[in-house]
Amino acid sequence: NNANISQSNALLLDSFGLSNIEIIRNFSEVQKKDKEQYLNKILHDFDANIESFKIIGDSPQCKVNNKWLEITELGDGVGHLISIVSSIFSAAHGYLFIDEIENGVHYTYLKKLWEIIFKVSKEVDCQVFATSHSKECIEAFNLVNAENSGVYIEFYQNLKKGTKEIKYRDSEQLEYALTHQGNYRGE
């Protein structure tokens, strides 16, 4: 799942997220930077029921209503968020590639997810590349990306030419495509 792509600080996060062992390894990077409270605030902002996060034994757990629960008990979204944030810390001054970023995250939380990704990646100087086919995820990205600090690139196959091509869209162009039944997912 979380493999080095080259000798640079680059990580890959597939659509299934991280295993407990990988979360523990990445969380150690959060700890080395003394950012446990920062992660706790992010988790609380994402879900107000989450009080804190710890590794207890060999199990990533969140405290909810004064009770420690394994992250698997909280749904896929929380585990995916922890996977993403801890991976961003692990890829500091490097790159993180995330496949199907919205996987496991309820569409109502996608805007929060993008806000967190923009904030944390800027703080630790990590460039994040993410794939998605979800209209809701693309819309959430565009809402959060009002300053165009992120870049939306669409990959598609040009059937007439028989080539694979790339199209860049700024936030205004993407907004137009999203609201006027345009193509925005490589269609």
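The values are calculated or read from the model by the stated rules, or taken from the named source; none is laboratory data. Treat the numbers as computed from the prediction; the structure is a model and nothing was measured. Heads up, the Cβs are rebuilt from the backbone with ideal geometry, glycines too, and the neighbour counts pull from every protein chain shown. Accessible surface areas use protein heavy atoms only, side chains included; no ligands, DNA or RNA. Shrake-Rupley method; radii C 1.70, N 1.55, O 1.52, S 1.80 Å.
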- Message: Could you report the stretch 33-131's accessible area per residue, 1.4 Å probe, as an integer in Å²?
- Response: 49
- Message: I'd like the Karplus ³J(HN,Hα) series for the stretch 78-83: coefficients 6.51, -1.76, 1.60, θ = phi - 60°, whole numbers in Hz, and an x wherever there's a Gly or Pro.
- Response: 5, x, 5, 4, 4, 4
- Query: Within the P(r) computed for the stretch 4-72, what percentage of the Cα pairs occupies the region above 15 Å?
  - Reply: 60
- Note on the structure: Amide H contacts under 5 Å for TYR152, restricted to residues at least 5 apart in sequence or on another chain and with H modeled in the peptide plane, are ARG169
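In the stretch 47-97, what GluC sites (Glu not before Pro) fall in a loop by DSSP, with at most 16 other Cβ atoms inside 10 Å?
Values: sites: GLU51, GLU70, GLU73; in loops: none.
Those that pass, being in a loop and sparsely packed, number zero.
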- Acute angle (nearest 10 degrees) that the helix 110-124 long axis makes with the longest principal axis of the chain, alpha-carbon atoms: 80
- Cα convex hull of the stretch 123-187 - mean projected area over all directions, nm²: 5.1
- If the label point is 7 Å along Cα→Cβ of LEU178, which residues in the stretch 127-152 have backbone nitrogen under 11 Å from it? 135-146
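If you average over every viewing direction, what projected area does the convex hull of the Cα atoms of the chain give, in nm²? Don't jump to the answer; show the numbers that get you there.
Values: hull surface 46.0 nm².
Taking a quarter of the hull surface, the average projection is 11.5 nm².
Note down the magnitude of the dipole of the chain about its Cα centre, charges +1 on Lys and Arg C-beta and -1 on Asp and Glu C-beta and zero elsewhere, to the nearest 20 debye. Please list the in-between numbers first.
On the way: 19 positive and 27 negative charges, 50 e Å.
For the chain, the charge dipole is close to 240 debye.
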- Task: Springs between alpha-carbon atoms under 10 Å, Gaussian network over the chain: tell me which of LEU69, LEU81, LEU43 tops the mean-square fluctuations.
- Result: LEU69
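Only bridges whose two residues both fall in the chain count here: according to DSSP, what percent of them are antiparallel, nearest 5?
Values: 18 of 26 bridges.
The antiparallel fraction comes to roughly 70 percent.
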- In nm, the gap between the two label points placed 7 Å beyond Cα toward Cβ at ASP76 and SER19 is 1.9
- Message: Stokes-Einstein diffusion coefficient for the stretch 77-128 at 25 °C in a medium of 0.890 mPa s, Rh from the Kirkwood formula over Cα pairs: what value in µm²/s?
- Response: 225
- Out of THR163, THR131, THR72, a Gaussian network model of the chain with alpha-carbon springs under 10 Å gives the largest mean-square fluctuation to THR163
- Mind giving me the nanometre distance, one decimal, between the label points for LYS119 and LYS41, set 7 Å out from Cα along Cα→Cβ? 0.7
- Nonlocal amide H pairs with LEU96, under 5 Å, H built at 1.01 Å: LEU11, GLN127, VAL128, PHE129
- Task: Measure off, as a whole percent, the carbon and sulfur share of the 1.4 Å-probe accessible area of the chain, all protein chains present.
- Result: 49
- Long-range amide H contacts for SER52: which residues qualify at under 5 Å (H placed 1.01 Å from N, peptide plane, sequence gap of 5 or more or a different chain)? LYS63
- Placing each pseudo-label 7 Å from Cα in the direction of the beta carbon, THR108 and GLN31 end up separated by a distance in nanometres of 3.5
